[in-house]
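Heads up, the thing below is written out as structure tokens.
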Amino acid sequence: MSPATESATEFASGAVLLDAFGRRAEDLRISLTDKCSLRCTYCMPAEGLAWLPARAVLSDDEIVRLASVFLGLGVRTIRLTGGEPLVRAGVAGLVGRLAGLQPRPELSLTTNALALADRAEELARSGLDRVNVSLDTLDRERFHTLTRRDRLADVLAGLAAAQAAGLTPVKVNAVLMRDENLAEAPELLAWALRAGYQLRFIEHMPLDADHRWTLADMVTADEVLELLGRSFRLRPVGHRGHAPAEEFEVLDGPGRADWAPVLDGGHHRVGIIASVTRPFCRDCDRLRLTADGQLRTCLFGHQETDLRGALRGGADDAELAELIRQAVRAKPAGHGINAPGFRQPERPMSAIGG
Ligand code: SAM
Ligand code: SF4
């Protein structure tokens, strides 16, 4: 069958999720909990948040059931996130069950890595394919200030364990803030190149629980590239498909002789996720399922579809699939952060699932 015929057949059978702008949703982020073991200043207040009651959170059975409905609708990749997904009990068991679904999804995990050193091996054995680790600084004091916990050593141990367990390529996500860690960006890149991790800088987004974000204060992709360009020779990779990161080959830079080899014969890379100044909404293929079972089609949207209510109310798979299709059809064209009248979502990133 030609790709065009295959696509038309899939669509006719309802096995793809198309929105009103022709985008196909294939990537599902599932938040396993809204709780977290860190308190990153750009994400959560020091005292934490009003956590969801246990009965509100989807059980493993409910997650597996919903995931299988999404896979039947053409979703191909599932990323487990939170809050901090590894504070939930039994994540490896859940990974194993998701890996057993048909068609098997590609499975990844976004984590602060505090608990990864002891779990990486078991997660890999259970079927996890890759991890993204969030780390904004290599300085112990600054890590303590930024996350309000003195746990840098655990993150570094978690990263090493992930690499040893084959959860590769290990990606590292860093949020830069002008007065805190912006100047450290070149050092972070040099470290990642030496260690063999793929570093991506994320623009700070208006998703902090304290609502302190301002467009004027945020560090832009242009600024980061200008700063990196002073020490590294970068070349844009070009086509990025649905990936949120704009990628750059790192052709040369300090300590070049010590950079880890690139295993797949490709190039050393760095990425920028510029959701604010270079939005990629036109290519967005993502859906989000919150820990309490609400489907969100846009990180910045105000609409949620209550899949948990339907599930617990006895909906069958066909009814759940129809609810999902309707939600996707109503996915907004873009997040509108830069538009007048933009209103930050009520829930912060940790509660939606990053
Ligand atoms: N706790 C896990 C972690 O930190 O990797 C997973 C959830 S966390 C919400 C997912 C990602 O969102 C992290 O990479 C974090 O840096 C990012 N994040 C949180 N708040 C953000 C904000 N206001 N702007 C940009 N990124 C943010
Ligand atoms: Fe926790 Fe991740 Fe938010 Fe940091 S970014 S507070 S690790 S959920």
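In what sequence, highest mean first, do 253-259, 210-216, 89-95, 155-161 appear when ranked by Cβ atoms within 10 angstrom?
Working: 253-259: 12.4, 210-216: 10.6, 89-95: 16.9, 155-161: 20.9.
Ranking, from highest mean packing down: 155-161, 89-95, 253-259, 210-216.
Mean-square fluctuation check for the chain, GNM, Cα pairs under 10 Å: which of Gln326, Gln163, Gln344 is largest?
Checking each option, the largest mean-square fluctuation is seen for Gln326.
Enumerate cysteines in the chain without a disulfide-compatible partner, where compatibility requires another Cys Cβ under 4.7 angstrom.
Cys36, Cys281, Cys284, Cys298
Taking every pair of distinct Cα atoms and averaging 1/r, then inverting, what Kirkwood hydrodynamic radius in Å comes out for the chain? Can you show the working numbers first?
Numbers: mean 1/r = 0.0477 Å⁻¹.
One decimal place: 21.0 Å for the Kirkwood radius.
Hey, got the dipole for the chain? About the Cα centre, +1 on K and R Cβ, -1 on D and E Cβ, debye to the nearest 20?
200
To the nearest µm²/s, what D does Stokes-Einstein give for the range 105-181 at 10 °C and 1.306 mPa s, using the Kirkwood radius over alpha carbon pairs as Rh? Spell out each step's value before the answer.
Working: Rh = 12.7 Å.
In µm²/s, the coefficient is 125.
Tell me whether the range 71-210 comes out rounded, prolate or oblate; compute the Cα gyration tensor, take square roots of the eigenvalues as a ≥ b ≥ c, and use a/c under 1.5 as the rounded threshold. Numbers along the way, then the final one.
Numbers: a/c = 1.88, a/b = 1.68, b/c = 1.12.
It comes out prolate by the Cα gyration axes.
Where a ≥ b ≥ c are the square roots of the eigenvalues of the C-alpha gyration tensor, would you call the range 246-349 rounded, which needs a/c under 1.5, or, failing that, prolate if a/b is larger than b/c, or oblate?
prolate
How would you order 50-62, 181-193, 224-236 from highest to lowest mean count of nearby Cβ atoms within 10 Å?
Descending packing order for the listed peptides: 181-193, 224-236, 50-62.
Suppose each label sits 7 Å from its Cα in the direction of the beta carbon; what would the Asp210-Val64 distance come out to in nanometres?
With each label point 7 Å from Cα toward Cβ, the separation is 4.1 nm.
May I ask for the equivalent-ellipsoid semi-axes of the range 188-315, computed as the square root of five times each C-alpha gyration tensor eigenvalue and listed largest first in whole Å?
Ellipsoid semi-axes (Å, largest first): 35, 19, 13.
Ignoring ligands, DNA and RNA, what accessible area per residue does the chain give at 1.4 Å, in Å²?
In whole numbers, the chain has 44 Å² accessible per residue.
Taking 1 over the mean of 1/r across every pair of different Cα atoms in the range 58-103, what Kirkwood radius in Å do you get?
11.1
For the chain, what is the percent of antiparallel DSSP beta bridges, rounded to the nearest 5?
So the antiparallel bridges amount to about 30 percent of the total.
With a sphere of radius 14 Å drawn around the Cβ of Asp217, what net charge do the other residues whose Cβ falls strictly inside it have (Lys, Arg +1; Asp, Glu -1)? Intermediate values should be presented prior to the final figure.
Details: positive: Arg178, Arg212; negative: Asp179, Glu180, Glu203, Asp208, Asp210, Glu223.
Net of charged neighbours comes to -4.
The values are calculated or read from the model by the stated rules, or taken from the named source; none is laboratory data. All values derive from a computational prediction rather than experimental measurement. FYI the Cβ positions are ideal-geometry reconstructions off the backbone, even for glycines, and counts take in every protein chain you see. SASA here: full protein model, heavy atoms, side chains in, ligands and nucleic acids out. Shrake-Rupley method; radii C 1.70, N 1.55, O 1.52, S 1.80 Å.
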